[in-house]
Protein chains: 2
Amino acid sequence: MKELEKKLSDKQINPTAMRLLALDYLTKRSAAVSLTEMELEMDRSDRVTLYRTIKTFEEHGLVHRIEDGTGITKFALCQQGCDPGHHHDLHVHFFCNSCKETHCLPKTIIPEVVLPEAYQAQERELIVKGICAACAV
Amino acid sequence: MKELEKKLSDKQINPTAMRLLALDYLTKRSAAVSLTEMELEMDRSDRVTLYRTIKTFEEHGLVHRIEDGTGITKFALCQQGCDPGHHHDLHVHFFCNSCKETHCLPKTIIPEVVLPEAYQAQERELIVKGICAACAV
DNA sequence: TTAAGCGGTGCAATGGTATTGCAAAGTTAT
DNA sequence: ATAACTTTGCAATACCATTGCACCGCTTAA
């Protein structure tokens, strides 16, 4: 557990019980989670507290928000190297049409695209939908 | 107006007054619109009717749905060549951090990405955020 | 001509997620 | 122990998406 505490304090987050639990949960998950999922699977706590916990994590560069096209916001741990304020996650997110889970593909980088004249890119988000490795037996 | 009627009947959509109005509105818009925007700007009508109108358009391959990361679903006319059920819009969508509008970039195609072993891609959606041409004076 | 059937529209109502306000509980420094 | 600050939980609110149902107008069959 010292491990988790360190992760939090490294990001200047006060390691409270709630936050350690949430971080532990996120660490063990392979897929991105919605708030509702977290709420259901972590009996321990209130939705709003989770909401704020995740928000804190996001602001400190510990998790990133994923809009996977379902309309429901999901979250996943950042790889190392995200800063408060600015995330530099440029990996693809994959939504499985079969199991409905959203996964980060940290090795798969979003290619640069050439925009029309005068457009300036600042961030980009690529969602690929299809059948994930686990479902593609 | 015959023009608009034809567009509808070409897609097997019954050209009612409401639908002609909605199509006209969409045709004149350069940016993608949310339901709420349509509701406000087209005084003529009820939100639910618009909702169903857009849904019909979408099902018949006349408009496509855009999840631009704001959490609010937006819609824009398809270029030609979309079929009921399957849209093949592979263009990039651009969200302007300044004016908050979302634009289709029909000339800018989403590049193919190489996925990890065993993942099968079916659709892809790329949102680029930044400053649009109009705001980038 | 009337009655039945049907697509389309509008209103009311519901469900779900995101978000804020506020007060209680917990923590830290003096 | 107290004051100051942080964190948490509950209640409440604000939207957006979606469904149910009744009504309207049109076409079709008796």
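The values are calculated or read from the model by the stated rules, or taken from the named source; none is laboratory data. Quick caveat, the model's predicted, so the values are computed rather than measured. Glycine also receives a Cβ, built like all others from the backbone with ideal geometry; neighbour counts cover every protein chain displayed.
Looking only at region A:13-25, count how many residues are surrounded by fewer than 11 Cβ atoms within 10 Å (Cβ to Cβ) and part of a loop (DSSP other than H, G, I, E, B). Break it down stepwise before answering.
Residues of region A:13-25 that are surrounded by fewer than 11 Cβ atoms within 10 Å (Cβ to Cβ), as a first pass: A:14, A:17.
Then drop every residue that is not part of a loop (DSSP other than H, G, I, E, B), which leaves A:14.
Of the residues in region A:13-25, 1 are surrounded by fewer than 11 Cβ atoms within 10 Å (Cβ to Cβ) and part of a loop (DSSP other than H, G, I, E, B).
Looking at B:Val114, B:Val63, which one is under 23 Å from B:Lys11 (Cβ atoms) and not charged (D, E, K, R)? Write out each step before concluding.
Numbers: B:Val114 fails: under 23 Å from B:Lys11 (Cβ atoms).
Only one candidate passes the filter, namely B:Val63.
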| If the Cβ limit is 8 Å and pairs must be 6+ apart or interchain, which residue in region B:100-125 that is at the interface with chain A (Cβ under 7 Å from one of its Cβ atoms) and surrounded by 13 or more Cβ atoms within 10 Å (Cβ to Cβ) pairs with which residue that is among the acidic types (Asp, Glu) and outside any loop (DSSP other than H, G, I, E, B)? | B:Glu125/B:Glu67
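Which is among the basic types (Lys, Arg) and more than 13 Å from DNA strand C (Cβ to nearest atom), of A:Arg29, A:Arg52, A:Arg47?
Checking each option against the conditions leaves just A:Arg29.
Within region A:6-13, identify whether any single residue is charged (D, E, K, R), under 30 Å from A:Cys135 (Cβ atoms) and touching a residue at least 12 places away in the same chain (Cβ under 8 Å), and answer yes or no.
Restricting attention to region A:6-13, the residues satisfying the condition of being charged (D, E, K, R) are A:6-7, A:10-11.
Filter once more, keeping what is under 30 Å from A:Cys135 (Cβ atoms): none.
For region A:6-13, residues charged (D, E, K, R), under 30 Å from A:Cys135 (Cβ atoms) and touching a residue at least 12 places away in the same chain (Cβ under 8 Å): absent.
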| request: State which residue is nearest to the other protein chains (Cβ to nearest Cβ) when the search covers only region B:45-54 and only residues that are under 24 Å from A:Glu67 (Cβ atoms) and surrounded by fewer than 20 Cβ atoms within 10 Å (Cβ to Cβ). | output: B:Tyr51
| Unmet requirement for A:Phe57, which otherwise passes all of (1) within 16 Å of DNA strand C (Cβ to nearest atom); (2) at the interface with another protein chain (Cβ under 8 Å from one of its Cβ atoms); (3) buried (at least 21 other Cβ atoms within 10 Å of the Cβ) | (2)
| remark: Within region B:26-81, the residues that are assigned to a loop (DSSP other than H, G, I, E, B), over 11 Å from the mean Cα position of the chain (by Cα) and over 19 Å from A:Ile127 (Cβ atoms) are B:Met42, B:Asp43, B:Arg44, B:Ser45, B:Asp46, B:His60, B:Gln80, B:Gly81
| Can you find even one residue in region A:116-131 that is among the aromatic types (Phe, Trp, Tyr) and within 16 Å of DNA strand D (Cβ to nearest atom)? | no
| query | Taking the condition more than 9 Å from DNA strand C (Cβ to nearest atom) and in contact with a Ser or Thr (Cβ under 7 Å, 6 or more places away or on another chain), does A:Ile66 pass? | reply | yes
| region B:1-46, subset over 17 Å from B:Phe75 (Cα atoms) and of a type in the set (S, T, N, Q), residue modelled with the lowest pLDDT | B:Ser45
| Only listed residue being in contact with a strand residue (DSSP E or B) (Cβ under 6 Å, 6 or more places away or on another chain) and under 27 Å from A:Ile131 (Cβ atoms), chosen from B:Ile131, B:Ile66 | B:Ile66
| query | When you go through (1) within 9 Å of another protein chain (Cβ to nearest Cβ); (2) over 22 Å from A:Cys104 (Cβ atoms) one by one for B:Leu40, which number turns out not to apply? | reply | (1)
| Name the pairs: first residue in region B:24-42 and among the basic types (Lys, Arg), second residue crowded, with 16+ Cβ neighbours inside 10 Å and outside any helix (DSSP H, G or I), Cβ to Cβ under 9 Å, at least 6 apart or on different chains? | B:Arg29/B:Ala76; B:Arg29/B:Leu77
